[in-house]
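Student: Below: one structure in structure tokens.
No lab work stands behind these numbers, since they all come straight from the coordinates. Because the structure is a prediction, the values reported are computed rather than measured. Counting neighbours? That spans all protein chains shown, and the Cβs are built from the backbone with ideal geometry, glycine included.
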Amino acid sequence: MSDVTDVPIGPTDTSSMSQEQIEELNLRVVQAHFHNETPDSVDKAIALYADKVTWEAPNRGVVLHDPAEIKKSYMGIFSTVHYNRTYALRRFARGNTVFDDQVADLTVVGDQMPNLGFKPGDRISMRLVHIFELENGQITREIAYEMSRLWGGPRDHDAIIEGAVVEDFPDGPDFGKWEK
């Protein structure tokens, strides 16, 4: 897959592209979007959205259309959860849809994610499934199914596939300061 820095911003004429080329472009756009989902580069992630976009987090009851509101939501996520580890299980494109499936080990450090259902200090496991719809190399819809449960709890069971890409974030919070 290409470097995330070579992803075009704005509409791309896909009319002469093969289905395989369109799917490769869509995978690159989604990879660049995820790469830039950080407090310092979130504007680059949002720049990959089409003018008319829908951003959904259905498990939390969130539906947004305004890029400024989407950015505000991302900033709330960044100030609410800290990633400890992720397991990238699968990502593929079919036509104008990209599917991404991962598991995240998170620590709740704030309270700016509406309807998360956990409090600061809680360690949670989140099965995070994204479905992206794209047109002309731009994201028109992002749906993030955030299925959260207490880390190590009775519902914290996922089939981590062989070959899953594991990423650790060693600058995580000091768990000792979150004593209950």
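Student: Can you tell me which of (1) closer than 20 Å to ALA93 by Cβ; (2) without any contact (Cβ under 8 Å) to a residue 40 or more places away in the chain; (3) assigned to a loop (DSSP other than H, G, I, E, B) is the one THR12 doesn't meet?
Tutor: Of the numbered conditions (1) closer than 20 Å to ALA93 by Cβ; (2) without any contact (Cβ under 8 Å) to a residue 40 or more places away in the chain; (3) assigned to a loop (DSSP other than H, G, I, E, B), the odd one out for THR12 is (2).
Student: Let me ask you something else. Could you please find all residues in segment 12-55 being surrounded by 17 or more Cβ atoms within 10 Å (Cβ to Cβ), touching a strand residue (DSSP E or B) at 6+ places or on another chain (Cβ under 6 Å) and of a type outside the set (A, V, I, L, M, F, W, C)?
Tutor: GLU23, ASN26, TYR49
Student: Identify the single condition in (1) closer than 30 Å to GLY10 by Cβ; (2) in contact with a helix residue (DSSP H, G or I) (Cβ under 9 Å, 6 or more places away or on another chain) that SER73 does not satisfy, given that it satisfies every other one.
Tutor: Of everything listed in (1) closer than 30 Å to GLY10 by Cβ; (2) in contact with a helix residue (DSSP H, G or I) (Cβ under 9 Å, 6 or more places away or on another chain), SER73 misses just condition (2).
Student: Can you go through ASN115, ASN84 and tell me which one is touching a residue at least 60 places away in the same chain (Cβ under 8 Å) and either more than 30 Å from PRO11 (Cβ to Cβ) or surrounded by fewer than 17 Cβ atoms within 10 Å (Cβ to Cβ) (or both)?
Tutor: ASN84
So that you can scan it fast, the table gives a plain yes or no per residue for (1) among the charged types (D, E, K, R); (2) surrounded by fewer than 18 Cβ atoms within 10 Å (Cβ to Cβ):
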{"residue": "ILE70", "(1), (2)": "no, no"}
{"residue": "LEU89", "(1), (2)": "no, no"}
{"residue": "GLY95", "(1), (2)": "no, yes"}
{"residue": "LEU106", "(1), (2)": "no, no"}
{"residue": "SER125", "(1), (2)": "no, no"}
{"residue": "PHE132", "(1), (2)": "no, no"}
{"residue": "GLY152", "(1), (2)": "no, yes"}
{"residue": "GLU162", "(1), (2)": "yes, yes"}
{"residue": "VAL165", "(1), (2)": "no, yes"}
